[in-house]
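What follows is a single structure, written as structure tokens, with notes after it.
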Amino acid sequence: MAPKPPQGHFNILYFASAGSYTSKNVEALPAPLPLRKLFSTLEERYQGIRASVLEHSMVTVNLAYADVPDEEGPEDKDEIVIQEGDEVAIIPPVSSG
Amino acid sequence: MATQDPDPQEPSLSQEGIYVALTDSPLNLTSITDRVRSPQAGAIVLFAGTTRDSFDNKPVKELQYTAYQPLALRTMLDIAVALRAKHGLKGIAMVHRLGVVPIGEESILIAVSAPHRQAAWRAGEEALEECKARVEVWKREEFEAGEGVWRANRDGGRGERVG
């Protein structure tokens, strides 16, 4: 399991093609972070990851699937903000069996 | 509620008539069959998925599986609970192997038992299809030529080249 993230951070897990693209399985990113900003935050760090990986992937926050809101879309007061200590994961298309 | 098995070699979830697990070890056909055995069952259907030595005629050297373990177990449990209710199963067990799986060995085993064979056949097939569509496990094929790809079940496509 991933080490606990440092204070003021959350862990993000990269599986399969996400791990290949970032060359890591996990890293800690600064929290809080509105979920709608997740993809642009990752794109800044890993240029091209949005088109190659993120647009084909799903996202979980603390083991629950979450819809990533459109960054340019209208604000919704109920939308998810990733908090310190949360565990976020990038879930590319699965291939069990 | 599901209970968590303390065995660190084979993380699992179980509840009445249900067992799901992930393991780094070779899979055992007899032990998964025994997990669903029931005096009320007239049929046990066992599915063994094995690793194939080629993709699109390209020779595959080995396959490697990785999982988001807590989520994969939870999804497997959801599938098992739903199918047990839908088909009136006496038992359902699913175990997926992780890490390197040599060619020709089992990567997944599914066993279901039911009073009659029709329900067991159907449930076994549905369990596999649901797993392939949903369980958070990923397969990487290492080709003899040297490169590797993460496979995606969704589209049956070629997967993404990872160098």
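The values are calculated or read from the model by the stated rules, or taken from the named source; none is laboratory data. Small disclaimer: the values here were computed from a predicted structure and weren't measured. All Cβ positions, glycine included, derive from the backbone under ideal geometry; neighbour counts span all protein chains shown.
Residue-wise test of (1) farther than 21 Å from A:Val94 by Cβ; (2) more than 9 Å from chain A (Cβ to nearest Cβ).
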site	(1), (2)
B:Ala80	no, yes
B:Lys86	yes, yes
B:Ile92	no, yes
B:His96	no, no
B:Ser107	no, no
B:Ala111	yes, yes
B:Gly124	no, yes
B:Glu130	no, yes
B:Glu142	no, yes
For the stretch A:31-38, does any single residue satisfy the condition of being within 27 Å of B:Leu73 (Cα to Cα) and either away from every other protein chain (no Cβ under 14 Å) or surrounded by fewer than 20 Cβ atoms within 10 Å (Cβ to Cβ) (or both)? yes
Going through the stretch B:103-151 in order, the residues found to be under 17 Å from B:Val36 (Cβ atoms) and hydroxyl-bearing (Ser, Thr, Tyr) are B:Ser113
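For A:Val81, indicate whether it is within 11 Å of another protein chain (Cβ to nearest Cβ) and modelled with pLDDT of 95 or more. If you could, list the steps in order and put the result at the bottom.
Working: within 11 Å of another protein chain (Cβ to nearest Cβ): no; modelled with pLDDT of 95 or more: yes.
Criteria not met by A:Val81.
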The residue that is nearest to the chain's Cα centre (by Cα), considering only those in the stretch B:54-78 that are of a type in the set (Phe, Trp, Tyr) and within 10 Å of chain A (Cβ to nearest Cβ), is B:Tyr65
The number of residues in the stretch A:60-86 that are surrounded by 12 or more Cβ atoms within 10 Å (Cβ to Cβ), charged (D, E, K, R) and over 18 Å from A:Ser40 (Cα atoms) is 2
>> B:Ile79 - would you say it is part of a helix (DSSP H, G or I), touching a residue at least 40 places away in the same chain (Cβ under 8 Å) and not basic (Lys, Arg)?
In response: yes
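Sort through A:Glu43, A:Glu27, A:Glu75 and tell me the only one that's away from every other protein chain (no Cβ under 14 Å), over 26 Å from B:Trp138 (Cα atoms) and not small (Gly, Ala, Ser).
Details: A:Glu43 fails: over 26 Å from B:Trp138 (Cα atoms); A:Glu27 fails: over 26 Å from B:Trp138 (Cα atoms).
It is A:Glu75.
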Condition set of a type in the set (A, V, I, L, M) and more than 27 Å from B:Trp121 (Cα to Cα), scope the stretch B:9-66, selection surrounded by the fewest Cβ atoms within 10 Å (Cβ to Cβ): answer is B:Val60
Apart from one, (1) in contact with a Leu (Cβ under 6 Å, 6 or more places away or on another chain); (2) surrounded by 22 or more Cβ atoms within 10 Å (Cβ to Cβ) all hold for B:Glu106; the odd one out is (2)
(request) Return yes or no: is B:Arg154 within 7 Å of chain A (Cβ to nearest Cβ) and over 15 Å from B:Tyr68 (Cβ atoms)? (result) yes
With the first residue restricted to the stretch A:83-97 and required to be at positive phi, and the second required to be surrounded by fewer than 21 Cβ atoms within 10 Å (Cβ to Cβ) and among the aliphatic types (A, V, I, L, M), Cβ contacts under 7 Å at 6 or more apart or on different chains are A:Gly97/B:Leu128
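So, of the residues in the stretch B:33-73 that are among the small types (Gly, Ala, Ser), more than 29 Å from B:Pro8 (Cβ to Cβ) and assigned to a strand (DSSP E or B), which turns out to be modelled with the lowest pLDDT?
Applying the first criterion (among the small types (Gly, Ala, Ser)) to the stretch B:33-73 yields B:38, B:41-43, B:48-49, B:54, B:67, B:72.
Pick out the ones that are also more than 29 Å from B:Pro8 (Cβ to Cβ) and you get B:41-43, B:54.
This time we only want the ones that are assigned to a strand (DSSP E or B), so: B:43, B:54.
On the way: B:Ala43: 98, B:Ser54: 88.
Among those that are among the small types (Gly, Ala, Ser), more than 29 Å from B:Pro8 (Cβ to Cβ) and assigned to a strand (DSSP E or B), it is B:Ser54.
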